[in-house]
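The values are calculated or read from the model by the stated rules, or taken from the named source; none is laboratory data. In this text, all values refer to a predicted model and were calculated from it rather than measured experimentally. So basically every Cβ, Gly included, is an ideal-geometry build from the backbone, and we count neighbours across all protein chains shown. Side chains included, ligands, DNA and RNA excluded: accessible areas come from the protein's heavy atoms. Shrake-Rupley method; radii C 1.70, N 1.55, O 1.52, S 1.80 Å.
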Amino acid sequence: MGFRYRLLGAVTWCSFAAGIAFAQGDALTPEAKQWHELSDKKQTAAAKKLCLGWESSGTHAQQVEAEKCLANLALAEGKAVQLKGNDVGGGTLGDGFKPEAVNVALVHLNKGIALEPKDLTLHKGRLFLLGLSGRYAEMAAALEDTLNKLPEPEYLPDWLRYTAQLGASGDAQGGLKLLAVLDKHFPNSHEIIGNTGTMYDIQGLWPQGIPYLKRAAELAPKDPIDTWNLGWAYAHVHEPKLADEWMQRSIALPNDDGTDQRKCLYARFVGSELKQKARACTLESQSCARPLRVDCAAATPAHKAK
C-alpha cells in the first residue's frame, strides 16, 4: 500500500542531526567510508580537505561522493533548533539547519546530481532538506527535476513518502504542491489522488477532498485505506449512510501495515453518529482497548463489556 498518508496514522519527518543520511540501509562505497569515518570522529578539517581534493581532481565516483560529503559538512556546521509552523495551527520544534547552511548544502547536492543524475540518494537528500526547511515551492520544483531524471514508476513509493510526511506534519499546502507534480507524471494513480484528498481533509476542507477520495476508491475499490478515507470524509460532512457503507467496505478488506485501527474507529462511529449505543458497545468490546469503550457505559447491562 505504499507510503500514502492515512487518517489511521502516518509517518513523520526523520531528523538527521548531523546532516543527510546518504546510502541508508545500503553498503557504503569505499569513498563514502573514508569521509564517514572522519566525520564520525569529528575530524571535520580532515574530511573537508579529503573531499575538496576529490571535488577538484578526483575520479568521477570521488567527485560525486565529494558533493555528498561537502553537503553534510555544511549542514553539520550549520545545525540549529528550528521552529516551523504548519497549515493547521500547529508546528514543530526540533533539529534543523541555518538557512545559509542549507543553501551551501543545496549547491553541493545540485552539483552531485549534475554529475550523476541517476543517483537516488542525492535526489532524496535534496528533497529531504527542502522539506525539513519548509521550502515547499522549491521542493516541488526539485521533484519535477527529479522525475525528469528518474521517471521510473518503481520510485513512486519513494516520492509518495514525502507527501505522507508533509501530511503527517500538517503541511498540507506543501503536500498539494508535490502531489500536483506527481499527478502530472503518474496520472490516474489512486495513491496520488487519494493523498490529494487527504491533504484537504487535514485542513478541515472535507467537501473539497471528497471528489479525490471518491476517485481513488473507484480506481482501487479493494484498497482498505482509500475506501476507509472516503467513509471517514463522508462522516465529517454528515452523510452517515455513505460513511457507514464505505467504512464497512473498508473493514471487510485486510490491512497489512500493522496499524489497523479501523474496527475500533468504526465502532466509535456507530455510537456517535448512528446513535446505536448497544451495537457500538459490542463492537468496541471486540476491537477497542478498554479506555476507548466509551459507549459501553451508556449501554444496557446486557451489553456491557466484561
Checklist outcome for this item: Of the listed links LYS42/LYS68; LYS214/LYS275; LYS68/LYS124; LYS118/LYS177, those spanning more than 19 angstrom between alpha carbons are LYS214/LYS275; LYS118/LYS177
Checklist entry - Which residues does a label at LEU205 reach in segment 133-152, if reach means a backbone N under 20 Å from a point 7 Å past the Cα toward the Cβ? => result 134-141
Checklist outcome for this item: Quick calc: nm separation of the 7 Å Cα→Cβ label points for GLU152 and LYS41 -> 3.6
Item to check | Charge context of ARG249, other residues only, Cβ under 14 angstrom, K/R +1, D/E -1 | outcome: 0
Next on the checklist: When a/c reaches 1.5 or more, the comparison of a/b and b/c decides; with that in mind, is segment 165-306 rounded, prolate or oblate per its Cα gyration tensor?
Outcome noted: prolate
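At 1.4 Å probe size, with the rest of the protein present, what percent of the exposed accessible area of segment 116-196 is carbon and sulfur atoms?
54
Work out the FRET efficiency for LYS184 and HIS60 from their Cβ-Cβ distance, taking R0 = 45 Å, and round it to the nearest 0.05. Each step should come with its number before you reach the end.
Working: r = 32 Å, r/R0 = 0.71.
For R0 = 45 Å, the calculated efficiency reads 0.90.
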Checklist entry - Counting Lys +1, Arg +1, Asp -1, Glu -1, what net charge surrounds LEU213 among other residues with beta carbon under 9 Å of its beta carbon? => result 0
